[in-house]
Amino acid sequence: MNRERTAGAVLTVLSVFGYGVGVVASYPGRSITIVGVMVGVTLAAIGAGGDGA
């Protein structure tokens with residue numbers, strides 16, 4: 001696995017977890033989890049494409 005795909009997967013999982021926590025108990029900055037999911041999915045998609053050569 002390359003760095004972009006790994007970082008995307010980790011960021012997506014953490015952001016979804018943060019979103020779930022935000023549904024149960026509101027906290028400042030919880031809306032940033034949506035941005036985290038979008039960036040994580042983008043990084044995973046970039047990492048999944050081609051071999052970079």
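The values are calculated or read from the model by the stated rules, or taken from the named source; none is laboratory data. From a predicted model like this one, the values you see are computed outputs, not experimental measurements. In this analysis, Cβ positions are derived from the backbone assuming ideal geometry, glycine residues included, and neighbour counts consider all displayed protein chains.
Do any residues in the stretch 30-50 that are part of a helix (DSSP H, G or I) and exposed (fewer than 15 other Cβ atoms within 10 Å of the Cβ) have Cβ atoms under 6 Å from those of residues that are modelled with pLDDT of 90 or more and of a type in the set (K, R), where the two are at least six apart or on different chains, and which pairs are they?
From the stretch 30-50, the pairs are A48/R5.
In the stretch 2-33, what residues are under 10 Å from A44 (Cβ atoms) and either among the acidic types (D, E) or out of contact with any Ser or Thr (no Cβ under 9 Å at 6 or more places or on another chain) (or both)?
E4, R5, T6, A7, A9, V10, L11, T12
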